[in-house]
1. Could you tell me whether segment 174-192 includes any residue that is at pLDDT 90 or above and either polar (S, T, N, Q) or under 18 Å from residue 77 (Cα atoms) (or both)?
2. Find the helices (runs of 4 or more DSSP H) located wholly in segment 254-330 whose residues include 2 or more that are of a type in the set (Phe, Trp, Tyr) and under 30 Å from residue 385 (Cα atoms), and list them.
3. Can you name every residue in segment 1-46 that is over 29 Å from residue 451 (Cα atoms), part of a loop (DSSP other than H, G, I, E, B) and modelled with pLDDT of 85 or more?
4. Can you give me the number of residues within segment 684-714 that are at pLDDT below 90 and more than 20 Å from residue 648 (Cβ to Cβ)?
5. State which residue is nearest to residue 320 (Cα to Cα) when the search covers only segment 228-263 and only residues that are at pLDDT 95 or above and of a type in the set (Val, Ile, Thr).
6. Given the conditions (1) buried (at least 22 other Cβ atoms within 10 Å of the Cβ); (2) in contact with a strand residue (DSSP E or B) (Cβ under 8 Å, 6 or more places away or on another chain); (3) not in a strand (DSSP E or B), report the number of the one that residue 903 does not fulfil.
7. Pull up segment 486-513, narrow it to residues that are within 16 Å of residue 556 (Cβ to Cβ) and of a type in the set (Asp, Glu), then point me to the one that is surrounded by the most Cβ atoms within 10 Å (Cβ to Cβ).
8. Assuming residue 663 fulfils every condition listed in (1) in contact (Cβ under 8 Å) with a residue 40 or more places away in the chain; (2) open to solvent by 10 Å² or more (accessible area, probe 1.4 Å); (3) closer than 19 Å to residue 634 by Cα apart from one, which condition is it?
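The values are calculated or read from the model by the stated rules, or taken from the named source; none is laboratory data. Remember, it's a predicted structure, so these values are computed and weren't measured experimentally. Cβ atoms come from the backbone with ideal geometry, glycine included; neighbour counts cover every protein chain shown. Quick note on the areas: whole protein, heavy atoms, side chains included, nothing else; ligands and nucleic acids left out. Shrake-Rupley method; radii C 1.70, N 1.55, O 1.52, S 1.80 Å.
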Amino acid sequence: MAFLETDTLGQERFSLLLLDPGEIYFEDFSVFYYPAGLSKQQSQNRQQRGHLKLCSKSIVFVPQEILFPILKFPLKYVKNIDEWSGGLFTKVERAIQILTDLTVEMKEKNIVAPFVFRKEECQHIFSLNYASVDDCLPQMCQLHRASTLPPGDQQAMLNAIMLSRQSRVKFNTSWLEDIYEKIILETQGDRITPLVTNPGRIMLTSSRLYFQPFCNIDKWPVLKLRIKDIKRLICRRFLLRQLGLEIFCRDTAPVSHLFMAFKTEKARNQLYESILHLSDLNLEETRQEDMTLKWSNGFISNYDYLLYLNSLADRSFNDLAQYPVMPWVIQDYSSSKLDLDDEDSYRDLSKPIGALNKERLDRIKERLPDLPEPKFLYGSHYSTPGYVLFYLARIAPEYVLCLQNGKFDHPDRMFNNFFDTWNNVLCGASDFKELIPEFYSGNGDFLLHRGPVTFGFRNDGRPVGDVELPPWASSPAELVTILRKALESDVVSRKIHHWIDLVFGYQQRGEEAWKADNVFYYLTYEGAIDLDSIQDASERRSLETQIMEFGQTPKQLFRGPHPQRFMSQSIPSYILESSLPQLTAVQSSSPPANDIDLTFDTADSVNNISAMGSSTSLDLTKLTCHLQYALHKDAVAEVRLSPDGLSIFSVSQDSFLKMYSLEDQRQLRSVNMSLMALSSCEVMEDNKTIVVGCWDNKVYFYSIEYGRVLDTLNGHDDAVSCVKWKSGKLFTASWDSTVKVWEMNFAEAQNGGLPCPEYLGQLDHDEGVTCLDIDDEGSMMITGTKGGHLALWDLSHYYILAIVSAHSGPMNACLMSQDKRCVYTCGTDSLLKVFDMETVTEICAKDLQYSICCMRLVGATSILVGDSGGQLCLWDMDKGQLTQTLPAHSGAVTCLDLCKGTLLTGGSDKTVKLWKQQ
C-alpha cells in the first residue's frame, strides 16, 4: 500500500489514472477552450485556459481553473477532428474543433467522484496558444484513425505510432549529473506503477541510472538514481512473462522504488547484468533459503516471511495484478470477544478459500464434466486488481475509477463490513478472495472513510462510510493488532505451511492441486500460454487484458511440502513414500600412490588439557594450537580421540594408522594396514579396538592392547569410504553403492576378545556412498553419494524414506541436527545446505569460497566445519550465518573430531593438531 498515491488533493489534477489502464500519454498543447452546450455554468464562462493532452486512446482537456471539470474525449466516440475556420468566434486563429458523441467530465473542483458521461453530440473548440495547427492536427487525426480499426489492428497501429514517436526521442545527455560518467547502456523501457504504464528512455552510467519519460507527466523531467543508493535489485514477472525489473532504494534516493518492464527478457537481463557489474553497487542480499531457515527457527515473523515469499514469487506493491496476497486466518467475526487460543476461531489453512465450504465445493465440482479442457474449479481468483481495490477503495478511489471505467461499485457490493465479506467469501458462488498485507500491518486507516469522496447510498438508505468492524475490535488499529497477533499465534504457526503449499508450493499446480481442490483458470498460471507466439494482435491483446484483470497465480517456489515451523522438540514424522530419481552409478577412481615419510613437530605439554566447556560455548577466537605433529606422508583422512582422552588415532592416504600418546607426547603405534589408502577410522566401545576403512575394499580391526590386526572384514566390492559405530552396530559405507550393517556384541565376546561381526543387512544406493550419519538411537540414517544425492533411511526396517539431489558433485559430509529436524550437507560444489527432514525440502544453501571437507555438531544449533582453504568455521544453523573463522592448516582441513572438550584437526598438509580453548 505504500506505493499507491492516495493523496489526491494538492496534486497535479491530471494523472495517468484518468486514462484507460495501459493507455499512453504523448504530449500536451497550451490552449484556450471555448465551451458550447455542455452546461449552463460552462456556457457562462466562454473561455477557459488550460492544456490539451494527446493520448493513445483519448484527448483530454485540463482547465487551469480547478472549478471546471477535466474533459476527456475517447477517440472511438469522436466523429471528426479538423481545423476550425471560423463562426461565432471569428477572431480565433489556430483553432481545432472536435466533434464527439461522448464527453467525459472528471474531477470538477478537484474532487474525486464518479465520471460524468455526457452522451450527446457536441462540438468542442480549442485555440492553440503557441503551436500551429499543423503541429498537432495530423497527430490527432492519425490516432483517431487508429481508434476506428478493430481492436487487434488498432493496437498494431498504436504500437507503430508509439515506436515511430519514441524512436525519435533520444536520451538528453545534458541531464547527466557528472560529465565524467561513463555511459554503459541505453535502452527503452516502461515505468510501471499501479494501473499505469509510462514509457521512456533508460540510461545506465558508471555511477547512476536515469529514466527519462517520453511525456512530462512526472515531477522529474529525468529520474536519477545513484547506483550506491540501490539496495535491492529483483527480476520480476510482468503479465506472466519475465520482463520486469524492480529496484528498491535507500532513504537517500529521490524515490523508494522503481519498477520497470521491457519489451523482451533479453533487454531486461542486459540491464540487470550491467548494473550488477558496477563497482558502486552494494546490495542487501537475502536468499530464500536463509529466510526459510530463519522463519522455521522463529527468527522472523510469519508476516515478514509471507511478505518475503510474495516478493520472491514476483508479487509487488507496484503491480495490482500481482499484489502481495495474505491469508484469512480468523473465521469468527461475530463474537464479542475473540479467543486466540481457541482453534475454532481460526480458518482451516490446509484448504483454499473455495474448499472451506463443502456444499459450495460440491456444487462447483458438479459442473466439471461440462467444462472444456483445460478444466478448472474456480473461475475467479483469490487475488485480482479488483479485489485489492475492493479493500483499499476508501484511500485509493482514483484507482477504483480507473479500473472500473470511471464508476464506483454498487454501494451494497463494497467492503462495508467484515462479517458480510467473510460470509460471502465462504458461501458466494464466485468469491474466493484472500486478504492483503494491510490487514496485518499499519493502523487500519484504509478501513476509514475520510475526505470529500462520496461512494453512494446503500439499499437501506445509509451512505457508505467506515467499514463496520467485528464486535471484538473497537477501532481499526485494534483490529489490525488482533489480526496480527492471530497471524503470529501458535495455532497459525503450526499450520501456515499448508497455506504456503497451496499458494506458493507443490499444491499450486498439477495433480497435487487437484487433490487439494486448488485449481484455477489456466490463464492465471505462468507458462500456460506463450504470448510472444500469438500473431493475431486482437487475440494477444484480449489475452493480456484477461491476464491483467482476472488474477495471476504466484510463481511456484517449492516443489515439495514446505517445512513446518518448529514449535517443540518433538521428532518429525518422516516421509514414508517418495518418488526416487533415476541415479547413475559413478565409477570409483583409482587411489593415488603413497610414499612414506616421517616428520615430528615439538609441541607444548598437554598433560593438563582443560576442557573447552560445553560444546555450545566453543569460541574459535580463544582457540590456540597446543600440539601439532606431522607423522603421515600424505593427507590425514580421519582423526579420533580415544574414549579415555589420552590418545589420538589418525589414518591417512599413506596407508598408515598412527597412535599418538598425549601423556608421553610421542608416537606409540605406526601400522601399515594395507598397500592402499586408508579412508576412515572409529574407536570401539571397549577402548581397545580401532576399526579402519580402506580403499582395498576391506575393514580392519586393530587391537591397541595386542598391537596387531585381530580381524579383517572383506565386506565390500569397492573402496570403503567411511565407518561408523553406533548403538552396538557397525555401519560401513563403500563406493560399491552400499551401506552394510554389522552387529558386534562385546559383552558376549570370549576372554575379552573381539566379537565376530554379524551381518544384519544392506542399504543399496545407485551410486557410490561417500558419507553417512546416524542418530543417537540408531533409528535413522542419512547418506551422501558421489552424485551428490542425499538419502534418508529407516534403520528399523532398512528401507529408504526419501532421496533428493543435494549437490552437483560428490558429497563430502552430512549431519543430522540433535533434534532430528534438519540435515546439513556439504559437497565439492562449495555449497553448504540445510534440508528439513520431514519434507526433505532445501531450506538453506550457502555458496562458499571454499568447499567444506568435514563438519561436526557443536551443541544444538551450531556446526564446526573445516574447509579446503584451511579454515575452521563456526556456523549458527538456526540463522544460517557464519559466526567465526580460524586459520587452522596450510592446506585443506580434511577431518576433525570434537570430544571431551578437545578439538582435533587433520589436514592435507599431513599435520594433526590439537586445539585448546583459553
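1. Within segment 174-192, one or more residues are at pLDDT 90 or above and either polar (S, T, N, Q) or under 18 Å from residue 77 (Cα atoms) (or both).
2. On the way: elements: 265-276, 288-296, 302-312.
So the answer is 302-312.
3. Our first condition is that a residue be over 29 Å from residue 451 (Cα atoms); within segment 1-46, this holds for 24, 26-37, 43-44, 46.
Still in the list and also part of a loop (DSSP other than H, G, I, E, B): 24, 35-37, 46.
24, the sole residue that qualifies.
4. So the answer is 0.
5. 247
6. With respect to (1) buried (at least 22 other Cβ atoms within 10 Å of the Cβ); (2) in contact with a strand residue (DSSP E or B) (Cβ under 8 Å, 6 or more places away or on another chain); (3) not in a strand (DSSP E or B), residue 903 is out only on (3).
7. Across segment 486-513, the extreme among qualifying residues is 501.
8. It is condition (3) that residue 663 fails.
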